[in-house]
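Okay, so here's the structure we're looking at.
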Amino acid sequence: KAGVTQTPRYLIKTRGQQVTLSCSPISGHRSVSWYQQTPGQGLQFLFEYFSETQRNKGNFPGRFSGRQFSNSRSEMNVSTLELGDSALYLCASSLAYQAGLNTEAFFGQGTRLTVV
Amino acid sequence: GEDVEQSLFLSVREGDSSVINCTYTDSSSTYLYWYKQEPGAGLQLLTYIFSNMDMKQDQRLTVLLNKKDKHLSLRIADTQTGDSAIYFCAETQNYGGATNKLIFGTGTLLAVQP
(Lines give C-alpha, C1' and ligand atoms only; values in the text may rest on other atoms or scores of the structure.)
Protein backbone atom coordinates (compact mmCIF):
# COMPACT_ATOMS: atom_id res chain seq x y z
CA LYS A 1 0.00 0.00 0.00
CA ALA A 2 1.55 3.29 -1.05
CA GLY A 3 2.12 5.91 1.63
CA VAL A 4 1.40 9.61 1.53
CA THR A 5 3.02 11.21 -1.51
CA GLN A 6 4.01 14.84 -1.59
CA THR A 7 5.30 16.65 -4.65
CA PRO A 8 7.62 18.26 -5.28
CA ARG A 9 10.17 17.30 -2.61
CA TYR A 10 12.18 20.50 -2.99
CA LEU A 11 11.29 23.91 -4.32
CA ILE A 12 13.06 27.24 -4.55
CA LYS A 13 10.97 30.32 -5.18
CA THR A 14 11.52 34.06 -5.20
CA ARG A 15 9.79 36.50 -2.85
CA GLY A 16 6.47 37.62 -4.25
CA GLN A 17 5.88 34.49 -6.29
CA GLN A 18 3.19 31.93 -5.55
CA VAL A 19 3.55 28.19 -5.08
CA THR A 20 1.33 25.11 -5.16
CA LEU A 21 2.17 21.94 -3.26
CA SER A 22 0.47 18.62 -3.81
CA CYS A 23 -0.43 15.74 -1.51
CA SER A 24 -1.84 12.33 -2.41
CA PRO A 25 -3.14 10.54 0.69
CA ILE A 26 -3.06 6.84 1.38
CA SER A 27 -5.64 5.01 -0.71
CA GLY A 28 -8.96 5.02 1.12
CA HIS A 29 -8.07 7.93 3.39
CA ARG A 30 -10.38 10.88 3.02
CA SER A 31 -8.95 13.25 5.62
CA VAL A 32 -5.91 15.38 4.76
CA SER A 33 -4.14 17.86 7.03
CA TRP A 34 -1.28 20.24 6.34
CA TYR A 35 1.46 21.42 8.70
CA GLN A 36 4.31 23.87 8.46
CA GLN A 37 7.58 22.99 10.19
CA THR A 38 10.22 25.63 10.90
CA PRO A 39 13.14 25.68 13.36
CA GLY A 40 11.66 28.66 15.18
CA GLN A 41 7.97 27.77 15.39
CA GLY A 42 8.11 23.98 15.25
CA LEU A 43 5.14 22.11 13.78
CA GLN A 44 2.15 24.33 13.18
CA PHE A 45 -1.25 23.23 11.89
CA LEU A 46 -2.32 24.91 8.65
CA PHE A 47 -5.66 23.34 7.73
CA GLU A 48 -7.53 20.09 7.37
CA TYR A 49 -9.90 18.75 4.76
CA PHE A 50 -12.45 16.01 4.70
CA SER A 51 -14.75 15.18 1.80
CA GLU A 52 -13.56 18.18 -0.21
CA THR A 53 -14.45 20.64 2.56
CA GLN A 54 -12.08 22.60 4.76
CA ARG A 55 -13.04 21.64 8.31
CA ASN A 56 -10.49 23.52 10.35
CA LYS A 57 -7.92 26.25 9.78
CA GLY A 58 -4.85 27.25 11.74
CA ASN A 59 -3.64 30.73 12.53
CA PHE A 60 -2.05 31.61 9.21
CA PRO A 61 -2.65 34.60 6.94
CA GLY A 62 -5.02 34.40 4.00
CA ARG A 63 -2.06 33.94 1.63
CA PHE A 64 -2.18 30.30 2.66
CA SER A 65 -5.02 28.38 1.08
CA GLY A 66 -5.84 24.85 0.12
CA ARG A 67 -8.35 22.56 -1.45
CA GLN A 68 -9.24 18.91 -1.68
CA PHE A 69 -10.44 17.09 -4.75
CA SER A 70 -13.02 14.35 -5.11
CA ASN A 71 -10.26 11.70 -5.16
CA SER A 72 -9.05 13.07 -1.77
CA ARG A 73 -5.87 14.52 -3.22
CA SER A 74 -5.11 17.91 -1.76
CA GLU A 75 -3.19 20.99 -2.78
CA MET A 76 -2.05 23.96 -0.78
CA ASN A 77 -1.19 27.31 -2.24
CA VAL A 78 0.88 30.15 -0.87
CA SER A 79 0.65 33.45 -2.67
CA THR A 80 2.98 36.45 -2.45
CA LEU A 81 5.75 34.42 -0.86
CA GLU A 82 7.78 35.90 1.96
CA LEU A 83 11.20 34.82 3.22
CA GLY A 84 9.53 33.57 6.40
CA ASP A 85 7.50 31.05 4.41
CA SER A 86 10.64 28.96 3.97
CA ALA A 87 9.80 25.72 5.73
CA LEU A 88 9.11 22.03 5.44
CA TYR A 89 5.44 21.57 4.54
CA LEU A 90 4.03 18.26 5.70
CA CYS A 91 0.84 16.58 4.67
CA ALA A 92 -0.88 13.90 6.73
CA SER A 93 -3.68 11.57 5.83
CA SER A 94 -6.11 9.84 8.15
CA LEU A 95 -8.76 7.22 7.58
CA ALA A 96 -11.36 8.46 10.03
CA TYR A 97 -12.91 11.82 10.69
CA GLN A 98 -15.20 11.53 13.67
CA ALA A 99 -15.38 12.82 17.20
CA GLY A 100 -13.63 10.56 19.67
CA LEU A 101 -11.92 8.37 17.11
CA ASN A 102 -8.19 7.76 16.79
CA THR A 103 -6.69 10.29 14.41
CA GLU A 104 -3.68 8.09 13.54
CA ALA A 105 -2.25 10.47 10.96
CA PHE A 106 0.34 9.22 8.48
CA PHE A 107 2.76 11.80 7.13
CA GLY A 108 4.41 12.28 3.79
CA GLN A 109 8.10 13.13 3.36
CA GLY A 110 7.27 16.79 3.03
CA THR A 111 8.05 19.54 0.56
CA ARG A 112 11.06 21.68 1.45
CA LEU A 113 10.25 25.22 0.27
CA THR A 114 13.01 27.81 0.18
CA VAL A 115 12.09 31.42 -0.56
CA VAL A 116 14.96 33.63 -1.71
CA GLY B 1 -4.44 26.25 26.08
CA GLU B 2 -2.56 24.46 23.36
CA ASP B 3 0.95 24.27 24.78
CA VAL B 4 2.77 20.97 24.60
CA GLU B 5 6.27 21.03 25.99
CA GLN B 6 9.23 18.69 25.81
CA SER B 7 12.83 18.85 26.89
CA LEU B 8 15.07 19.76 23.96
CA PHE B 9 17.82 17.19 24.15
CA LEU B 10 18.57 13.74 25.56
CA SER B 11 21.80 11.81 25.25
CA VAL B 12 22.07 8.11 26.13
CA ARG B 13 24.48 5.25 25.54
CA GLU B 14 23.61 2.39 23.22
CA GLY B 15 21.86 -0.38 25.15
CA ASP B 16 20.53 1.94 27.87
CA SER B 17 16.90 2.97 28.22
CA SER B 18 15.74 6.39 27.07
CA VAL B 19 12.86 8.28 28.60
CA ILE B 20 11.42 11.24 26.73
CA ASN B 21 8.95 13.42 28.58
CA CYS B 22 6.09 15.63 27.46
CA THR B 23 3.64 17.87 29.30
CA TYR B 24 0.43 19.22 27.90
CA THR B 25 -2.10 21.70 29.20
CA ASP B 26 -5.48 20.73 27.76
CA SER B 27 -7.32 18.06 29.71
CA SER B 28 -9.75 17.49 26.83
CA SER B 29 -7.12 15.60 24.84
CA THR B 30 -8.50 12.30 23.59
CA TYR B 31 -5.49 10.61 22.02
CA LEU B 32 -1.80 11.26 22.53
CA TYR B 33 0.85 10.24 20.05
CA TRP B 34 4.56 9.82 19.68
CA TYR B 35 6.18 10.57 16.33
CA LYS B 36 9.79 10.12 15.21
CA GLN B 37 11.51 12.33 12.66
CA GLU B 38 14.85 11.42 11.13
CA PRO B 39 16.95 14.02 9.28
CA GLY B 40 15.35 15.13 6.02
CA ALA B 41 12.33 12.91 6.55
CA GLY B 42 8.68 13.26 7.43
CA LEU B 43 7.08 12.11 10.68
CA GLN B 44 6.77 8.44 11.50
CA LEU B 45 3.99 7.42 13.87
CA LEU B 46 5.52 5.26 16.62
CA THR B 47 2.67 4.65 19.01
CA TYR B 48 -0.33 6.26 20.65
CA ILE B 49 -2.39 6.04 23.81
CA PHE B 50 -6.02 6.77 24.51
CA SER B 51 -6.59 9.26 27.28
CA ASN B 52 -8.39 6.79 29.55
CA MET B 53 -5.37 4.47 29.63
CA ASP B 54 -2.33 4.94 31.81
CA MET B 55 0.14 2.63 30.09
CA LYS B 56 0.72 1.00 26.74
CA GLN B 57 3.57 -1.28 25.73
CA ASP B 58 4.58 -1.97 22.15
CA GLN B 59 7.78 -4.03 21.78
CA ARG B 60 10.65 -1.76 22.94
CA LEU B 61 8.33 1.19 23.49
CA THR B 62 6.39 1.93 26.67
CA VAL B 63 4.07 4.91 26.93
CA LEU B 64 3.02 6.19 30.34
CA LEU B 65 0.23 8.71 30.79
CA ASN B 66 -0.44 10.60 34.00
CA LYS B 67 -3.64 12.44 33.21
CA LYS B 68 -3.81 14.17 36.57
CA ASP B 69 -0.42 15.82 36.00
CA LYS B 70 -0.92 16.04 32.19
CA HIS B 71 2.36 14.20 31.73
CA LEU B 72 3.21 11.76 28.96
CA SER B 73 6.42 9.79 28.59
CA LEU B 74 7.99 7.47 26.05
CA ARG B 75 10.46 4.87 27.23
CA ILE B 76 12.65 3.16 24.65
CA ALA B 77 14.28 0.00 25.97
CA ASP B 78 17.70 -1.13 24.71
CA THR B 79 18.23 2.09 22.75
CA GLN B 80 20.07 1.65 19.45
CA THR B 81 22.00 4.14 17.31
CA GLY B 82 19.16 3.89 14.78
CA ASP B 83 16.89 5.44 17.41
CA SER B 84 18.76 8.74 17.10
CA ALA B 85 16.15 11.23 15.85
CA ILE B 86 13.79 13.96 16.99
CA TYR B 87 10.77 12.71 18.91
CA PHE B 88 7.53 14.64 19.01
CA CYS B 89 4.58 14.10 21.27
CA ALA B 90 1.24 15.25 19.89
CA GLU B 91 -2.32 15.44 21.08
CA THR B 92 -5.70 15.59 19.47
CA GLN B 93 -8.78 17.09 21.06
CA ASN B 94 -11.70 15.59 19.21
CA TYR B 95 -13.94 14.53 22.03
CA GLY B 96 -16.54 17.23 21.46
CA GLY B 97 -16.31 17.41 17.69
CA ALA B 98 -14.57 15.84 14.76
CA THR B 99 -11.06 17.01 13.96
CA ASN B 100 -7.81 15.35 13.04
CA LYS B 101 -5.79 18.41 14.00
CA LEU B 102 -2.66 17.50 15.94
CA ILE B 103 -0.97 19.82 18.42
CA PHE B 104 2.70 19.01 18.55
CA GLY B 105 5.29 19.40 21.23
CA THR B 106 8.55 21.18 20.65
CA GLY B 107 10.43 17.96 19.95
CA THR B 108 13.25 16.17 21.79
CA LEU B 109 16.49 15.38 20.01
CA LEU B 110 17.66 11.93 21.11
CA ALA B 111 21.37 11.26 20.56
CA VAL B 112 22.52 7.69 21.07
CA GLN B 113 26.25 7.26 21.73
CA PRO B 114 27.81 3.96 20.59
Legend entry - Alpha-carbon Rg with Dmax, taken over chain A, Å: 13.6, 42
Legend entry - Solvent exposure of the protein assembly as shown as accessible area per residue, Å², 1.4 Å probe: 47
Inset, instruction - Assign unit charges at the C-beta atoms only (+1 for Lys and Arg, -1 for Asp and Glu), then state the dipole size of the protein assembly as shown relative to its Cα centre in Debye, rounded to the nearest 20. - result: 580
Inset, instruction - Taking every pair of Cα atoms in chain B, average 1/r, invert it to obtain the Kirkwood radius, and report Rg/Rh to two decimals. - result: 0.96
Inset, instruction - Among the GluC sites (Glu not before Pro) in segment A:43-116, which ones are in a DSSP loop with at most 11 other Cβ atoms within 10 Å of the Cβ? Mind listing them? - result: none
Inset, instruction - Kindly give the semi-axes, whole Å and largest first, of the ellipsoid equivalent to the protein assembly as shown, taking each as the square root of 5 times a Cα gyration tensor eigenvalue. - result: 29, 21, 16
Legend entry - Distance in nm between pseudo-label sites at B:Lys67 and A:Arg73 (7 Å out along the Cβ direction from Cα): 4.2
Inset, instruction - Select from segment A:71-103 all residues whose loss of accessible area on going from the chain by itself to the full protein assembly reaches 30 Å² or more (probe 1.4 Å). - result: A:Tyr97, A:Ala99, A:Gly100, A:Asn102, A:Thr103
Inset, instruction - Once you've got the GNM for chain A with C-alpha springs shorter than 10 Å, pick whichever of A:Asn77, A:Asn56, A:Asn102 has the biggest mean-square fluctuation. - result: A:Asn102
Inset, instruction - Name the residues of segment B:91-107, by number, that are at least 20 Å² less accessible with every protein chain in place than in the isolated chain; the surface is that of heavy atoms, probe 1.4 Å, without ligands or nucleic acids. - result: B:Asn94, B:Ala98, B:Thr99, B:Asn100, B:Lys101, B:Leu102, B:Phe104
Inset, instruction - Enter the accessible area of B:Lys67 (Å², nearest 10), with the probe set to 1.4 Å and all protein chains included. - result: 100
Inset, instruction - Would you give the gap between the C-alpha center of segment B:27-72 and the C-alpha center of segment A:46-84, rounded to a whole Å? - result: 27
Legend entry - Rounded percent of accessible protein surface that carbon and sulfur make up, chain A, 1.4 Å probe: 48
Inset, instruction - Please compute how much accessible surface disappears when A pairs with B, both sides summed, using a 1.4 Å probe, and round it to the nearest 100 Å². - result: 1900
Legend entry - Test item: B:28-38 mean partner chain Cβ contacts at 10 Å: 2
Inset, instruction - Would you mind listing how long segment B:48-114 runs along its three principal axes, going by Cα atoms, in whole Å with the largest first? - result: 46, 21, 21
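The values are calculated or read from the model by the stated rules, or taken from the named source; none is laboratory data. Worth saying up front: this structure is predicted, and the values here are computed from it rather than measured. All Cβ positions, glycine included, derive from the backbone under ideal geometry; neighbour counts span all protein chains shown. Just the protein is used for accessible areas: all its heavy atoms, side chains included, with ligands, DNA and RNA removed. Shrake-Rupley method; radii C 1.70, N 1.55, O 1.52, S 1.80 Å.
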